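Just below is one structure, and these are the notes that go with it.
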Amino acid sequence: MRVSTVTVADVGFVADCSGALFWEERSLLVVSDLHLEKGSSFAARGVLLPPYDTVATLSRLAAVIARHDPRQVIALGDSFHDRDAHARLSEPDREALTALQVRRNWIWISGNHDPALPPSLGGVVATEVAIGPIVFRHEPTGAAGEIAGHLHPKARVPTRGRSIERRCFASDGERAVMPAFGAYTGGLSIRDAAFARIFGSPGFMAHVLGDNRVHAFAATRCY
Amino acid sequence: MSTLDLFSVPPSETADLLPRRFRDWFASRGWSPREHQLALLAKAREERSALLIAPTGAGKTLAGFLPTLVELAGEPGGSKPLRQASEAAVAADPRPKVVSTGRGVRRSSGLHTLYISPLKALAVDIARNLETPVAEMGLPIRVETRTGDTPVSRRQRQRRYPPDILLTTPEQLALLLASDDAPFLFSSLKRIVLDELHALVTSKRGDLLSLGLARLWTIAPQARAIGLSATVAEPEQLARFLVPQPGGESVSADVVIAGGAAPPVVEMLDTRERLPWSGHSARHALPEVYELINRNKTTLVFVNTRSQAEMLFQDLWRMNDDGLAIALHHGSLDVAQRRKVEDAMAAGRLRGVVCTSSLDLGVDWGDVDLVINIGAPKGSSRLMQRIGRANHRFDEASRAVLVPANRFEVLECRVAIDAIAENAQDTPPLRTGALDVLAQHVLGCACGKPFLSDELYDEVRTAAPYASLARTDFDDVVDFVATGGYALKTYERFARIKQDKQGRWRVTNPKVRQSYRLNVGTIVEETMLKVRLVRSRAGGSGSTGAIARGGRMLGEIEEVFIEGLVPADTFVFGGEVVRYEALVEDQVYVSRANDKDAKVPSYMGGKFPLSTYLAERVRKLLDNSRAWNGLPDQVHDWLSLQRKFSRVPAARELLVETFPRGGSHYLVCYPFEGRLAHQTLGMLLTRRLERGRARPLGFVANEYALAVWGVGDLSFMIRHGKLDLNALFDPDMLGDDLEAWLAESALMKRTFRNCAIISGLIARRFTDEEKSRRQVLFSTDLIYDVLRKHQADHVLLRAARGDAATGLLDLRRLSDMLSRIHGRITHKDLDHVSPLAVPALLEIGRESVYGEASDELLAEAAEELVREATT
């Protein structure tokens, strides 16, 4: 696998094609918007989505953790789809999650979907975390040195003969918005005005998640 | 309707079947009843269901309704008049029939006859036509329609005071059956008339209708069906649809075939111009098409796709110096607009209508004297039905001119004309009922009245498409409707239907019922995007300016089409050439392009592939060089050159050519199995070639051929035994390779989306309350990915695979082809492109080109950017 890099405030992060960022120096892995139990959240409202999203998301999370073996993990908000979602975790899923936390600093950043998480989930709950020059929070403000989630960026890239739409990191070197990691998370086009507001100009990059690597495009090339 | 008596029916028999009032009415119009009209009366009297096969203009509709009219007239000629007592009362009193359950007052009966049409416009038109005999004979009959447009107040009234005859659509029937009133409405039903049955049964709407019929047979066992159909390949099979299928054996309704229609006169345009090698516009022949319109009174010009219709319409008007009244009609046009065209047509104000399959069915227009079919006929039955739209006078020949747009289409037109001369039909066999439609029906049943699984299973199997439904499939569908059908039983508390103490399934809450009503039906519209006109971003590609928002709304376009474009591509929309700028959420931004021609013809082949039958005839025609004499000289020469430079494929073999060209290496094969099957073959072949290190880059498929190209020298590889064509085309590609491809296939995901919507997993229409909660959209692609990985045998995936056999992936046909050519591959190692390969190669750059490996495409796109930026 070729290593791709997303730089924020002079810190180079490994951009994993699963949608996670890895800060090697600090042994820190960041994932955003897991939206666990989104399936059952819909089911409660009568839309009987397959109840496998949590196990799918957690197994992808386990794979990326196995790849980088981080000492610290930050889940950058909206880790659970709704306030009660953590209570609906199945026993095997809860155990899988606990197993991932063993010997790791685990930080839950709270998001708009999961503003209050119980201590029983393990790890620490925070609204934001600053490490060196970097601030991790759920909703992007556009501040320099910020890594956020919330917006679920995706990009459509023109290639020969057809276009390909994928999730992506959005970054201009000073700040970054992470793609959603959850199996049932949709996306917002990086051409949406929300991104222009954060980056102040259309001159940012989309780091598009390929099957085995991450590809960088000027956001203006995407649509 | 009819004008002439072609048959001599003994007067005594006529008198017996047709009461005096009716005979007089026929006579007053200068008509006498046709043999098939009387035959249907006789079937009705014998309490038999019947399928009437008749060409357009044969008085088919009247034939279908005569038994009803006679019975309701209370005449002795009809079968046992059920309602004579109330009839007199209705005749004397124009008020609605009295409804009372009180003792001594006769409870008003419900419907007598139910008419189902695939088009609501047709239902409305038939209702209007029925008014004439009803009024002129003074029959005490109330006729009403019920469609999506019927006001709520009228719908409610219809349920309380049913008319004698109700004309409606399959979807409305499903809704009525899911209501509490169903037993009251339908228990007195005597006759069911199914119009354009040949068209209904080929789709999931037919499945839905068959399940509705199965319900009706339970509620009204006395009801008999009359099917009205154009000519089909297997009438006996179609006739199964009309009668309850007893377990195990197959039974059919009686078949009545109307004879006597004059055979159509069909010719191929022998163009004065040079015949194009490829393309579908037939632009070379436009002056000749225009001349034909000018020489005839009213011409229908059929094309295969919406965008073709748009382009042709635009081109015809460009040369319309005589100011002929030429109109446009296709399914994406506004309904009011379409109706206007239809009305102008009916009033004889139009000289020509450019149309798509939107006019394959529908209201009769008497005065069409010519049908022009532009491009590939696709199937002989299909073409015959289109041709039947010309000259609805049954006894006069319809006239049609076929205009092939390229050389391959000349072959197709030639064999289609031969097939028509032999009256050879190629309608598809009756469908196997889809499981997603069954899921919708099961929920509908629960919405009506609680059901027992055993009883409903037996009832469902009386429907012909579901006659061999396995009990396990049925149970899985019920489980799906209840809790999603997941192996993980976590949704019990969210169940939509639950069993009561008696084991009857009932709906758990009124919202389920509401959602069912909003989402009934099997027609899944394409996701449409709004098209807005903005100013062009200066500087062409690579510009950095933000997209100007807002802009004038031009209309809506299919998302699938836009996904195939890259910015700066031009295409025709709403009659003008526009440039694609950007896609933001559900808005497509375009600017006005000054180009005369659009870069992207957006042909997309139309919905239907070349029929297996015509494909076989094309292969035979190629194989028989003596028959080439019947072809235009240009085509004859083309085939002769092919024979000289390469080889003309024999009827049963697969010809594979390899050659270098412009730095790439090509493999072109000629299965003649239609674009959809070729596209699937292309996807699978490129996977295999990739594994065989042949480094394929892309492929293009048309109806006749498939061309793959890449970096590796395929000729060299074949010559040196590094690539074995028999292994490459081995049917085992439908195993693991197919599975791997299906995991990511966009076509499979679209197929799955349709199943998810029809089955009711995902709603497409929402109550206001739900909308406000913003739970509106959820990508079915994500569901597909997760479900495939975690429960690959889920009933919805099975439904999607069932669809893939015949739908967008056409797997069954591909599979048949691979078995047919197994061990019969002929390879030609050429120095350069062959005459037969030219059309396929010319389509590269015009048609969508597919490549598999997303990473490679993304990397290539990224590198291109670097190159642009550094040079």
| note | A careful count of residues in region B:495-535 that are modelled with pLDDT under 85 and either surrounded by fewer than 18 Cβ atoms within 10 Å (Cβ to Cβ) or of a type in the set (Asp, Glu) (or both) gives 8
| note | Residue count, region B:202-229, condition of a type in the set (A, V, I, L, M, F, W, C) and assigned to a helix (DSSP H, G or I), comes to 8
| field | Residue ID - surrounded by the most Cβ atoms within 10 Å (Cβ to Cβ), chosen from residues in region B:644-698 that are more than 28 Å from B:Leu808 (Cβ to Cβ) and aromatic (Phe, Trp, Tyr) | value | B:Phe659
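So that you can scan it fast, the table gives a plain yes or no per residue for (1) within 14 Å of another protein chain (Cβ to nearest Cβ); (2) aromatic (Phe, Trp, Tyr); (3) over 19 Å from A:His113 (Cα atoms):
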position: A:Thr7; (1), (2), (3): no, no, yes
position: A:Ala15; (1), (2), (3): yes, no, yes
position: A:Gly46; (1), (2), (3): yes, no, yes
position: A:Tyr52; (1), (2), (3): yes, yes, yes
| Among the residues of region B:109-164, how many are surrounded by fewer than 21 Cβ atoms within 10 Å (Cβ to Cβ), closer than 24 Å to B:Ala182 by Cα and of a type in the set (D, E, K, R)? | 9
| task | Quickly run through region A:90-103 and pick out the residues that are out of contact with any Leu (no Cβ under 7 Å at 6 or more places or on another chain) and within 13 Å of chain B (Cβ to nearest Cβ). | result | A:Ser90, A:Glu91, A:Pro92
| Qualifying positions in region A:69-81 - farther than 19 Å from B:Leu488 by Cβ and surrounded by 18 or more Cβ atoms within 10 Å (Cβ to Cβ) | A:Pro70, A:Val73, A:Ile74, A:Ala75, A:Leu76, A:Gly77, A:Asp78, A:Ser79
| task | Output the residue which, of all residues in region B:484-494 that are touching a residue at least 12 places away in the same chain (Cβ under 8 Å) and crowded, with 21+ Cβ neighbours inside 10 Å, is farthest from the other protein chains (Cβ to nearest Cβ). | result | B:Gly485
| request: Could you run through region A:55-92 and say how many residues are outside any helix (DSSP H, G or I) and of a type in the set (Lys, Arg)? | output: 2
| query | List the pairs whose first member sits in region A:180-199 and is closer than 12 Å to A:His81 by Cα and at the interface with chain B (Cβ under 8 Å from one of its Cβ atoms), whose second member is surrounded by fewer than 24 Cβ atoms within 10 Å (Cβ to Cβ) and among the charged types (D, E, K, R), and whose Cβ atoms are under 8 Å apart, counting only residues at least 6 apart or on separate chains? | reply | A:Ala183/A:Arg60; A:Ala183/B:Asp785
| note | Expected output for region B:777-804 (first residue facing chain A (nearest Cβ under 7 Å), partner assigned to a helix (DSSP H, G or I) and surrounded by fewer than 21 Cβ atoms within 10 Å (Cβ to Cβ), Cβ below 6 Å, 6+ apart or cross-chain) is B:Val786/A:Ala56
| task | Mind telling me which of the residues B:Leu685, B:Leu706, B:Leu689, B:Leu761 ends up being of a type outside the set (Val, Ile, Thr) and within 13 Å of another protein chain (Cβ to nearest Cβ)? | result | B:Leu761
| Filter result for B:Ala199 (in a loop (DSSP other than H, G, I, E, B), buried (at least 19 other Cβ atoms within 10 Å of the Cβ) and among the small types (Gly, Ala, Ser)) | no
| message | Whether any residue in region B:634-643 is within 23 Å of B:Ala804 (Cβ to Cβ) and surrounded by fewer than 23 Cβ atoms within 10 Å (Cβ to Cβ) is what I want to check. | response | no
| task | For region B:168-182, indicate whether the set of residues that are in contact (Cβ under 8 Å) with a residue 60 or more places away in the chain, assigned to a loop (DSSP other than H, G, I, E, B) and within 23 Å of B:Ser468 (Cα to Cα) is non-empty. | result | no
| Within region A:200-217, how many residues are in contact with a strand residue (DSSP E or B) (Cβ under 9 Å, 6 or more places away or on another chain) and either at pLDDT below 90 or facing chain B (nearest Cβ under 7 Å) (or both)? | 8
| request: Count, please, the residues in region A:104-163 that happen to be in contact (Cβ under 8 Å) with a residue 60 or more places away in the chain, within 14 Å of another protein chain (Cβ to nearest Cβ) and in a loop (DSSP other than H, G, I, E, B). | output: 2
| field | Filtered residues of region B:718-736 (kept if more than 40 Å from the chain's Cα centre (by Cα) and touching a residue at least 60 places away in the same chain (Cβ under 8 Å)) | value | B:Ile718, B:Arg719
| request: Would you check which residues across region B:41-77 are among the acidic types (Asp, Glu), at negative phi and surrounded by fewer than 23 Cβ atoms within 10 Å (Cβ to Cβ) and list them? | output: B:Glu46, B:Glu75
| said: When you check B:Ala593 against the structure, is it modelled with pLDDT under 95, small (Gly, Ala, Ser) and either in contact with a helix residue (DSSP H, G or I) (Cβ under 8 Å, 6 or more places away or on another chain) or buried (at least 21 other Cβ atoms within 10 Å of the Cβ) (or both), yes or no? | reply: no
| message | Test of understanding: among B:Ala376, B:Ala309, which residue is small (Gly, Ala, Ser), at pLDDT 85 or above, assigned to a helix (DSSP H, G or I) and over 30 Å from B:Leu130 (Cα atoms)? | response | B:Ala309
| request: Being at pLDDT below 75 and assigned to a strand (DSSP E or B) is the filter; apply it to region B:572-587 and report the residue that is farthest from the other protein chains (Cβ to nearest Cβ). | output: B:Glu576
| query | For region B:289-306, how many residues meet the condition of being in contact (Cβ under 8 Å) with a residue 40 or more places away in the chain and either more than 30 Å from B:Gly555 (Cα to Cα) or part of a strand (DSSP E or B) (or both)? | reply | 8
| request: Could you tell me which residue of region A:9-54 is surrounded by the fewest Cβ atoms within 10 Å (Cβ to Cβ), considering only residues that are under 30 Å from B:Asn509 (Cα atoms) and among the aliphatic types (A, V, I, L, M)? | output: A:Ala44
| query | Given B:Met268, B:Met345, B:Met311, which one is farther than 30 Å from B:Lys120 by Cα and within 27 Å of the chain's Cα centre (by Cα)? | reply | B:Met268
| note | Going through (1) touching a residue at least 24 places away in the same chain (Cβ under 8 Å); (2) touching a strand residue (DSSP E or B) at 6+ places or on another chain (Cβ under 7 Å) one by one, B:Arg661 fails only at (2)
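The values are calculated or read from the model by the stated rules, or taken from the named source; none is laboratory data. The structure displayed is predicted, hence computed values, not measured ones. Please note: Cβ atoms are built from the backbone with ideal geometry, for glycine as well, and neighbour counts cover all protein chains shown.
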